[in-house]
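Heads up: the structure comes next, in structure tokens.
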Amino acid sequence: MQLGHFTIETISGGTFKTDGGTMFGVVPRALWEGVYPPDENHLIAQATNCLLVRSEEELILVDTGYGSRLDEKHRRRLQAESGDPLLRSLAAAGVAAEDIGTVILTHLHFDHVGGVLSEDEQGQVVTTFPNAAHVVQAGEFQRATSGRDELRAAYSAEWVTPLADAGQLELVEGDVELRPGIHAIVTGGHTRFQQALVLDSDGQQAFYAADMCPTTRHLHSLWCLAYDEEVLETRRRKPELLGRAVDEDWWVLFDHDPDTAAARLVREPRREFTVAEALASL
Ligand SMILES: [Zn+2]
């Protein structure tokens, strides 16, 4: 997709499956299974639609999928891809890890941050993108490394502290311009400091909603993830920000949708928003 001066491509950080209930929280299965049919093991297929943004200054990667370091038990349970799906996808776009100047992380769950670390031939953990600054909300980093028991299932400090040790971490606070034309919006909800992004160039905008609205099946404000820390905050911010996307004619980009990477939305009285125009990939 060409968006003003930005060229934006979908980069897969790997496909995986989880129990459908994880993606719909308290929504009864009888409602969600009609729009997101599970397989015989109750699993639904998900993408990790990372973004490669070519700006006038540099190459920027937004989110990194689950990476190459899942242990075998988790890989099997998630039916995750082996090897390094992120680097494979970047290579197919003609990009090497060394070429990336900035990595922006929406939040620090495993399926977004996993690709930032790799293992070298000796099995040592190294940063995957040696020349990149990794832009993270300070509050998100603080919570991910806090060791708080109630966040144990959501985060591991080991996924991110090597970035800090390598001097490759750039902490930001609040709704700031992260790079020219790329603006953070702290959504809260899914994680308290999750940041969505508005890419803005030459009067055109695209909104990377992160896990506030991971697929087109989550446009309804009540259809939240079981993983959301603050469900009511998601229900408050989602219609607000999707409404802005409609009113200001933004593309909306979906991070886990296996079929739709981007859509333009319109308002629809019963379901709040619906897809007017969709792109399978960018
Ligand atoms: Zn996610």
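Could you give the spread of the C-alpha atoms of segment 86-227 along their three principal axes, from largest to smallest, in whole angstroms?
48, 44, 28
Kirkwood Rh over alpha-carbon pairs of the chain, then Stokes-Einstein at 4 °C and 1.567 mPa s: what D in µm² s⁻¹, rounded to an integer?
Roughly 69 µm²/s, to the nearest whole number.
Around ALA154, what is the net charge, scoring Lys/Arg as +1 and Asp/Glu as -1 over all other residues with Cβ under 12 Å from its Cβ?
Here the count lands on -3.
Residue separation times 0.36 nm, minus the C-alpha to C-alpha distance between VAL126 and ALA153: what's the value?
Stretched out fully, the VAL126 to ALA153 stretch lengthens by 7.4 nm.
About its Cα centre, what dipole magnitude does the chain give when the only charges are +1 on Lys and Arg Cβ and -1 on Asp and Glu Cβ, stated in debye to the nearest 20?
The dipole magnitude comes to about 900 debye.
With unit charges on the beta carbons (Lys and Arg positive, Asp and Glu negative) and the dipole taken about the Cα centre of segment 2-279, which residue among LEU265, HIS183, PHE141 sits farthest to the positive side?
Value computed over the given set: LEU265.
Ranked highest first by average number of other Cβ atoms within 10 Å, how do 268-281, 2-15, 202-215 line up?
Listed from highest to lowest mean packing, they are 202-215, 2-15, 268-281.
Rounded to the nearest 0.05, what FRET efficiency do VAL275 and HIS5 give with R0 = 25 Å and r taken as the Cβ-Cβ distance? Could you check?
About 0.40, to the nearest 0.05.
How much FRET efficiency would the formula 1/(1 + (r/R0)^6) give for GLU56 and ALA91, where r is the Cβ-Cβ distance and R0 is 25 Å, rounded to 0.05?
Efficiency at R0 = 25 Å is approximately 0.60.
Calculated FRET efficiency, ARG244 and HIS42, Cβ-Cβ r, R0 41 Å, to nearest 0.05?
0.75
So for segment 2-279: antiparallel DSSP bridges make up what percent, rounded to the nearest 5?
That works out to approximately 75 percent antiparallel.
Defining a contact as two alpha carbons under 8 Å apart and six or more residues distant in sequence, what relative contact order in percent does segment 2-279 show?
In percent, rounded to a whole number, it is 17.
I want the local charge near THR234. Using Cβ-Cβ distances under 10 Å, sum +1 for each Lys or Arg and -1 for each Asp or Glu among the other residues.
-1
Which residue, chosen from ALA157, PHE129, ALA276, occupies the Cα position most advanced towards the positive end of the dipole of the chain, where the dipole is computed from +1 (Lys, Arg) and -1 (Asp, Glu) charges on Cβ about the Cα centre?
Looking along the dipole axis, the top candidate is ALA276.
Calculate the spin-label point distance for GLN79 paired with VAL26, positioning each point 7 Å from the Cα along the beta-carbon direction, and give it in nanometres.
With each label placed 7 Å out from Cα toward Cβ, I get 3.0 nm.
Bear in mind these aren't lab numbers, they're just calculated from the coordinates by the rules spelled out. Treat the numbers as computed from the prediction; the structure is a model and nothing was measured. Don't worry about glycine lacking a Cβ; one is built from the backbone with ideal geometry, like all the others, and counts go over all protein chains shown.
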